[in-house]
Each structure stands twice: as structure tokens, then as C-alpha cells.
1. Take segment 29-38 and flag every residue that is under 11 Å from the mean Cα position of the chain (by Cα) and either loosely packed, with under 12 Cβ neighbours inside 10 Å or in contact (Cβ under 8 Å) with a residue 24 or more places away in the chain (or both).
2. Determine whether segment 58-71 contains at least one residue that is in a loop (DSSP other than H, G, I, E, B), farther than 28 Å from residue 24 by Cβ and at pLDDT 85 or above.
3. For segment 23-44, what are the residues that are over 29 Å from residue 56 (Cβ atoms) and outside any strand (DSSP E or B)?
4. Name the single residue that is farthest from the chain's Cα centre (by Cα) among those in segment 39-72 being within 24 Å of residue 4 (Cα to Cα) and surrounded by fewer than 11 Cβ atoms within 10 Å (Cβ to Cβ).
């Protein structure tokens, strides 16, 4: 991942490779190179919000939505491939 930076004068500074980016600006980044996928998530932000509103002990429930991509998403993907 490339992160653009702006420097208002010519300054020398050292850069070092600290490995792949896994978290940037509050967004988690996952990569699956074999499937050519990049996933973004904000699970830590959600956990922090649950703690803030004191509902971190809540339990997940099923949503009334069928699993998998919607028909609109499927049609859009078909147009792009």
C-alpha cells in the first residue's frame, strides 16, 4: 500500500520497510494474495463504540437478509468481468 505524503521543503529522511500494512487510519486491512482479495474492516472501531456505550456484552443475532451477494451486486460484477 502506498501512502502519499506532502513535504513543503526538500528534506532528507530515512524510510524503512516495517512489513505489510494491517491497520491504517482506523481501518483494518486484510490481504489474500492467492485469491487476489483485499478486505477492509473497522472491527476495532465497532468494539470501541460498544465499550463507549456500555453494550459490549451484547449478543449477535441473525439478520433477516439472505446470505451472499444481492442480485444488484451480482449484475454489477457481471458487467465488470
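1. To start, the set of residues in segment 29-38 that are under 11 Å from the mean Cα position of the chain (by Cα) comprises 29-31, 38.
Residues satisfying the conditions are 29, 30, 38.
2. Step one: list which residues in segment 58-71 are in a loop (DSSP other than H, G, I, E, B), which gives 58-70.
Cutting the leftovers down to farther than 28 Å from residue 24 by Cβ gives us 59, 61-68, 70.
Now restrict to residues that are at pLDDT 85 or above: none.
For segment 58-71, residues in a loop (DSSP other than H, G, I, E, B), farther than 28 Å from residue 24 by Cβ and at pLDDT 85 or above: absent.
3. Passing the criteria: 33, 34, 35, 36.
4. 39
The values are calculated or read from the model by the stated rules, or taken from the named source; none is laboratory data. For clarity, every value in this text was computed on a predicted model and none was experimentally measured. Backbone-built Cβ (ideal geometry, glycine too); neighbour counts: all protein chains shown.
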